[in-house]
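Quick notes on the structure that follows.
The values are calculated or read from the model by the stated rules, or taken from the named source; none is laboratory data. The structure displayed is predicted, hence computed values, not measured ones. Cβ atoms come from the backbone with ideal geometry, glycine included; neighbour counts cover every protein chain shown. Side chains are part of the model used for accessible areas, which takes the heavy atoms of the whole protein and leaves out ligands, DNA and RNA. Shrake-Rupley method; radii C 1.70, N 1.55, O 1.52, S 1.80 Å.
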Amino acid sequence: MTPLTPPAISLRSATKRFATRSGAPFTAITDVTLDVAAGEFVTIVGPTGCGKSTTLSLVSGLEPASAGTVEVHGRPVTAIPEGIGYMFQTDAVLPWKNVLDNVALGLRYHKVAKEEAHSKARDWIQRVGLGGFEDRYPHQLSGGMRKRVAMAQSLIGEPSILLLDEPFGALDVQTREHMQDELLELWSGTGAAVVFITHDLTEAISLADRVVVMTAGPGTVKDAVQIELPRPRKVEEIRLTPEFTEIYRNVWNSLREEVEITRARGAANVA
Amino acid sequence: MSHDLLVAGEARPMDPETARTRRSLGRVRGKNRSAWVVYAVRALLVVAWLASWEIAARTIIDPFFYSKPSAIWDKLVVWFEDGTSHGSIWSNMAVTLEEAVLGFLIGTLAGVVLGVILGRSRFLADVLAPFIKGANAIPRIVLASLFVIWFGLGMSSKVATAFVLVFFAVFFNAFQGAREVDKVLVDNARILGASRWDLMRTIVLPSATSWILASMHVAFGFALIGAVVGEVVGADKGMGLLINQAQGNFDAAGIYAGMVVVTVLALVAEWLITRLENRLTAWRPPSGSQAAGI
Ligand SMILES: Nc1ncnc2c1ncn2[C@@H]1O[C@H](COP(=O)(O)OP(=O)(O)OP(=O)(O)O)[C@@H](O)[C@H]1O
Ligand SMILES: [Mg+2]
């Protein structure tokens, strides 16, 4: 009998409550149960404020769970686990370091010698299509280019778990599709488990092995839809197939209710 | 929360946006009216001011109390050619400058280290807040007298006065700068594997740099004030001593001449600090203080 390899990420009834000024704790997510296998690409969709980013912060070890368990590679998360890459929802490149030093940052923290770190970083800068911009500072780059820097910064450590929080949310459609293809290419064959948050259903479906739909906040897993589209994929092509449209309709039906609940709440708060 | 009360009277760094606007304003002005017009008008203002002072001193006001530019000039000439009652003017300037620079360096170092540590440690900040606020409330000029008793008439009492003035100016800014570090930058660095020391070195200090540098402009002025005041209170050498003696002799021109020398020292130091600032913040759109030329 071979021992079962534990999933890369395993959340069991994970709940997160935040302290608030008024004293009553605010529940951001409740009872989230989710497994992500090594090499699996999972996308999470859900209405705004439902706790998607919070879920990632639990997996990354930046925030402890209030209840339930969070495990990475079978070990409970108590600190930041080894081999995690995390691209945050907001810009996190260091404004005072140029592209080269930003990309090499993780290696430098891991005591890799400067020359080696820089040559690896140059390689990654090429791979994300930023060759020639090594000496630029972030304020001299476009938003899309900064996202590429962040992507190279996360990927250079060859993470076994990659957490991406709306990485392409702020990009124009053409750049976004291009980056989606690039991401799939960079990821294929790495065996990394990916959790990718997005508001764009098309993006969610065209990238994923499985789309997870979360409920309106406090969020929990509502649905998980297996995406049986063949790989390797070209995102612009795959979304024109009839299978895709079928899946889209399913997922959207599930998500729509939650979005409407969230919207109604927003309206009630305004009223 | 007591923690928040620590933040008082800090010099805010200019945000890059304002800096850019100011800079472009400066550029537009420079293009429309060429720079030499600005200099010419400045020179004209100074000449007009000095001339009216000189004329007034020769006609309506009493030059014994108010002195006059020509007398101040004569005094400066005497100081630089024949020396002062306490050795050459250069040696007096050197003493004052050395005191100010020492106080500035030690004060800045202590202010930055303590400010950053307290800025990152809520617990320490909460514990120490009342003591720091208390110490800050002491009229620091009065301390100069105390330091003369403690450390004598030599250099160390002036260094100490300059130090306390510089320390608080830098401390509050470093503290604020360290607290305002973008949380997502810290989280990102932690994910990438930064140790505590890495965080300080690569995230907190660079983030706080614009705050710290903003305070250093004020701080060097404070260091000079500390040194000169310390010398006025009691010294055996330095610009403050010269000013104090001029006062004792009812020599208004001597006081003014001392002021002129100290002002020139301060301006030169300010210029050096601005150059340092530009080097340290090369990563962002050029800083405003230089662009605005103030
Ligand atoms: N540090 C915090 N303290 C208090 N409440 C928080 C904190 N972080 C998040 N929340 C709350 O938890 C809920 C979920 O936040 P989260 O950022 O996870 O949402 P999200 O699903 O990522 O939303 P979006 O799609 O808009 O990014 C929100 O209502 C938010 O206000
Ligand atoms: Mg979010």
If a residue has to be of a type in the set (D, E, K, R) and surrounded by 11 or more Cβ atoms within 10 Å (Cβ to Cβ) to count, how many in the stretch B:39-59 make the cut?
2
If a residue must be without any contact (Cβ under 8 Å) to a residue 60 or more places away in the chain and away from chain A (no Cβ under 13 Å), how many such residues does the stretch B:207-225 contain?
1
Counting only residues that are more than 10 Å from chain A (Cβ to nearest Cβ) and part of a helix (DSSP H, G or I), how many does the stretch B:172-204 have?
13
Any chance B:S121 is among the polar types (S, T, N, Q) and either in contact with an Asp or Glu (Cβ under 7 Å, 6 or more places away or on another chain) or closer than 30 Å to B:M200 by Cβ (or both):
yes
For the stretch B:271-283, pairs from a residue that is within 13 Å of chain A (Cβ to nearest Cβ) to a residue that is among the small types (G, A, S) and open to solvent by less than 50 Å² (accessible area, probe 1.4 Å), with Cβ under 6 Å and 6 or more apart or across chains, are B:T281/B:S287
Select from the stretch A:39-82 the residues that are under 18 Å from B:V186 (Cα atoms) and crowded, with 16+ Cβ neighbours inside 10 Å and list them in ascending order.
A:S53, A:T54, A:L56, A:S57, A:L58, A:V59, A:S60, A:G61, A:L62, A:E63, A:I80, A:P81
In the stretch A:216-271, which residues are of a type in the set (V, I, T) and closer than 20 Å to A:E203 by Cα?
A:V221, A:V225, A:I227, A:V235, A:I238, A:T241, A:T245, A:I247, A:V251, A:V259
Here the residues within the stretch B:147-206 that are surrounded by fewer than 19 Cβ atoms within 10 Å (Cβ to Cβ), in contact (Cβ under 8 Å) with a residue 60 or more places away in the chain and over 21 Å from A:H110 (Cα atoms) are B:L153, B:G154
If we keep only residues of the stretch A:156-200 that are among the acidic types (D, E) and away from ligand 2 (no atom under 16 Å from the Cβ), then the residue nearest to the other protein chains (Cβ to nearest Cβ) is A:E158
Residue count, the stretch A:1-38, condition open to solvent by less than 20 Å² (accessible area, probe 1.4 Å) and more than 12 Å from ligand 2 (Cβ to nearest atom), comes to 10
In the stretch A:218-258, which residues are in contact with a strand residue (DSSP E or B) (Cβ under 9 Å, 6 or more places away or on another chain), in a loop (DSSP other than H, G, I, E, B) and either open to solvent by less than 20 Å² (accessible area, probe 1.4 Å) or aliphatic (A, V, I, L, M) (or both)?
A:I227
Name the pairs: first residue in the stretch A:28-41 and within 25 Å of A:F18 (Cβ to Cβ), second residue basic (K, R), Cβ to Cβ under 6 Å, at least 6 apart or on different chains?
A:A28/A:K16; A:I29/A:K16; A:T33/A:R12
Qualifying positions in the stretch A:23-59 - more than 10 Å from ligand 1 (Cβ to nearest atom) and either of a type in the set (V, I, T) or in contact with a helix residue (DSSP H, G or I) (Cβ under 7 Å, 6 or more places away or on another chain) (or both)
A:T30, A:V32, A:T33, A:V36, A:F41, A:V42, A:T43, A:V59
Assess whether B:V268 counts as being open to solvent by 20 Å² or more (accessible area, probe 1.4 Å), in a helix (DSSP H, G or I) and away from chain A (no Cβ under 14 Å).
yes
Looking for something of a type outside the set (F, W, Y), within 16 Å of ligand 2 (Cβ to nearest atom), over 15 Å from the mean Cα position of the chain (by Cα) and away from every other protein chain (no Cβ under 14 Å) - is there at least one such residue anywhere in the stretch A:39-47?
yes
Check off (1) more than 26 Å from A:T54 (Cα to Cα); (2) of a type in the set (A, V, I, L, M, F, W, C); (3) within 12 Å of chain B (Cβ to nearest Cβ) for A:L105 and give me the number that stays unchecked.
(1)
Considering each of A:R136, A:R146 in turn, give the residue that is outside the structural domain of A:D165 (by TED's automatic domain parsing) and under 17 Å from A:D172 (Cα atoms).
A:R146
For A:K111, all conditions in the list (1) more than 11 Å from every other protein chain (Cβ to nearest Cβ); (2) of a type in the set (D, E, K, R); (3) out of contact with any helix residue (DSSP H, G or I) (no Cβ under 9 Å at 6 or more places or on another chain) hold save one; what is the number of the exception?
(1)
Checked pairs for the stretch A:47-68, first closer than 20 Å to A:P81 by Cβ and in the same structural domain as A:D223 (by TED's automatic domain parsing), second open to solvent by less than 10 Å² (accessible area, probe 1.4 Å) and within 9 Å of ligand 2 (Cβ to nearest atom), C-beta under 6 Å and 6 or more apart or across chains, list as A:K52/A:I197; A:S53/A:D165; A:L56/A:D165
What single numbered condition from (1) free of Cβ contacts under 8 Å to residues at least 60 places away in the same chain; (2) more than 7 Å from ligand 1 (Cβ to nearest atom) fails to hold for A:T20?
(2)
I need a count of the residues in the stretch A:163-200 that are open to solvent by less than 10 Å² (accessible area, probe 1.4 Å) and either within 16 Å of ligand 1 (Cβ to nearest atom) or touching a residue at least 40 places away in the same chain (Cβ under 8 Å) (or both).
13
Being over 21 Å from the mean Cα position of the chain (by Cα) and open to solvent by 10 Å² or more (accessible area, probe 1.4 Å) is the filter; apply it to the stretch A:87-99 and report the residue that is farthest from ligand 1 (Cβ to nearest atom).
A:N98
Restricting to the stretch A:1-17, and then to whatever is more than 10 Å from ligand 1 (Cβ to nearest atom) and within 17 Å of A:A65 (Cα to Cα), can you tell me which residue is nearest to the chain's Cα centre (by Cα)?
A:I9
State yes or no: is A:T220 of a type in the set (S, T, Y) and out of contact with any Phe, Trp or Tyr (no Cβ under 9 Å at 6 or more places or on another chain)?
yes
